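Working notes for the structure below.
The values are calculated or read from the model by the stated rules, or taken from the named source; none is laboratory data. None of these values were measured; they are calculated from a predicted model. Cβ sites come from the backbone with ideal geometry, for glycine too, and all protein chains shown count toward neighbours. Just so you know, the surface numbers come from the protein's heavy atoms only, side chains and all, with ligands and any DNA or RNA stripped out. Shrake-Rupley method; radii C 1.70, N 1.55, O 1.52, S 1.80 Å.
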Amino acid sequence: MMKFNESLTFDKTLYKADIRGSMTYAKGLRQLNILSEAELDQIVSGLKQVEQEWDEGKFVIDPKADEDIHTANERRLAELIGSSIGGKLHTGRSRNDQVATDLRLWARDQLADLEVSMKGVLRVCAAKAQSSLPVLMPGYTHLQRAQPVRFSHWLLAHATFIIGDFQRLKGIQDRVSSCPLGCGALAGNPFGIDRDFLASDLGFASVHPNSLAAVADRDFIVEILQWASLLMAHLSRLSEDLILFSTAEFGFVQIADAYSTGSSLMPQKKNPDSLELIRGKAGRVMGQASGFLASLKSLPTSYNKDLQESVEPLLDCVRTVSHCLTIIQGILGSLEINADKMRAALTADMLATDVADYLVLKGVPFRQTHHIAGAVVRKAEENGMSIAELPLEDLKGISPLFDADIAEVFDFERSVEKRSTKGGTSRSSVLAQIAAIESLLSQP
Ligand code: ARG
């Protein structure tokens, strides 16, 4: 049962948050005269020593006594400063408000780090989009060649999803910043501890408004797991594109050797393991999100030990996302772009819409122009040539409105530059998207 019940194996990760929470709580007890000034000093210096032992890897776990990080730290504190003083720290406090506080403190710091990592990814996307601005590639729907686009535009499509994740992260950070400390086991604190002080001393934006809820509230963990699931879905889709684009069949990009691996059997192989791992880990994070939500759904009011099941998914998910962001940033930063291959993959049939648009500008309703352009594609197929090679007489045979200026339409650069409204694939539209990312990155 002790092995089954203990959480120190994993919640020792929270040691700094736990010590920080205890220092603040001790200050709160001092304000109530439950601790004297001298006792507070002893507790604070004892806690610092405990922290140092963890920092230096010298903390000796007592497997008989140390169930979790809270009991371990308190046990060690009492050893260091004596239980007559150390034993006062937990006055009015419970591990229930303590763990809820520790998890929020830990999550808050981690989310701040993830924010920095996400900015790093967006910065690389913007820089790469800028440096590859002239590169054109086929744009796809249903994985079928559709219309020419800028490679930058494709990259910024992925960046756009990451911006959404970035903005959602901001929202979660606000909600994490609510302090449960001072709620006790479930009913509140009987000594009149100043919860506003506890919250502000720990840098929280607000106090949690209900003690029964505060000790049971792991919604912020659900939010982080679900946020991470969506972010990982986005990184997985980006990875999937890159895996496909790096095949010999596409050859659009090359993953740097640093992010590829070889085969133990086939000497010629260069495998995109980094991207496959990101794609695979997306499933792992999604599983953690649905797994913990299932643990939460039938819990009776206030604290239940089931809540401990939030800790491992949280720790693992944050570590996984952090690694994936670092790796994808490296992959994108070192990605080789094969502009010639992309250019060679552009075919004139991808300009069929531009042929239809040409007739629109001559006053023909689009539904008809769509039909006519379809006939142009069929005619070219019959003749065994591309639509750009069809003689003008053939085009005139399909619609008398075709003229010599149709030749200008068969130009990929022109097609791309035509799409110059906001969010389009023209140079100016792409530059505006890059500028938007840069302005987001320059915000504090
Ligand atoms: N390790 C526990 C957790 O993570 C700490 C709280 C234990 N509280 C209790 N009443 N048993 O939830």
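In table form, for the structure just shown:
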| quantity | calculated |
| --- | --- |
| Among the residues listed as Arg145, Arg168, Arg175, Arg123, the single one being open to solvent by 50 Å² or more (accessible area, probe 1.4 Å), touching a residue at least 12 places away in the same chain (Cβ under 8 Å), more than 30 Å from Leu202 (Cβ to Cβ) and part of a helix (DSSP H, G or I) | Arg123 |
| Any chance Pro267 is away from the ligand (no atom under 16 Å from the Cβ) and either more than 19 Å from the chain's Cα centre (by Cα) or within 30 Å of Ser131 (Cα to Cα) (or both) | yes |
| Failed condition for Ser200, given (1) without any contact (Cβ under 8 Å) to a residue 60 or more places away in the chain; (2) within 30 Å of Ala344 (Cβ to Cβ); (3) of a type in the set (S, T, N, Q) | (2) |
| Residue under evaluation Met385, criteria (1) among the aliphatic types (A, V, I, L, M); (2) surrounded by 14 or more Cβ atoms within 10 Å (Cβ to Cβ); (3) in a helix (DSSP H, G or I), criterion not met | (3) |
| Identity of the residue in the range 183-206, crowded, with 21+ Cβ neighbours inside 10 Å and under 28 Å from Cys317 (Cβ atoms), that ends up nearest to the chain's Cα centre (by Cα) | Phe204 |
| The one condition in (1) touching a residue at least 12 places away in the same chain (Cβ under 8 Å); (2) more than 16 Å from the ligand (Cβ to nearest atom); (3) among the aliphatic types (A, V, I, L, M) that Leu103 fails to fulfil | (2) |
| First in the range 283-312 and without any contact (Cβ under 8 Å) to a residue 40 or more places away in the chain and open to solvent by 60 Å² or more (accessible area, probe 1.4 Å), second anywhere and among the hydroxyl-bearing types (Ser, Thr, Tyr) and more than 12 Å from the ligand (Cβ to nearest atom), Cβ under 9 Å, 6 or more apart | Arg284/Thr320; Ser290/Ser229; Asp306/Ser298 |
| The range 77-100, residues that are away from the ligand (no atom under 14 Å from the Cβ) and among the β-branched types (Val, Ile, Thr) | Ile81, Ile85, Thr91 |
| Selection within the range 399-414 - hydrophobic (A, V, I, L, M, F, W, C), buried (at least 18 other Cβ atoms within 10 Å of the Cβ) and over 27 Å from Ala339 (Cα atoms) | Phe402 |
| Complete set of residues in the range 97-116 that are of a type in the set (S, T, N, Q) and either modelled with pLDDT under 95 or open to solvent by 30 Å² or more (accessible area, probe 1.4 Å) (or both) | Gln110 |
| Selection count where residues are free of Cβ contacts under 8 Å to residues at least 40 places away in the same chain and either surrounded by fewer than 16 Cβ atoms within 10 Å (Cβ to Cβ) or aromatic (Phe, Trp, Tyr) (or both), scope the range 336-359 | 2 |
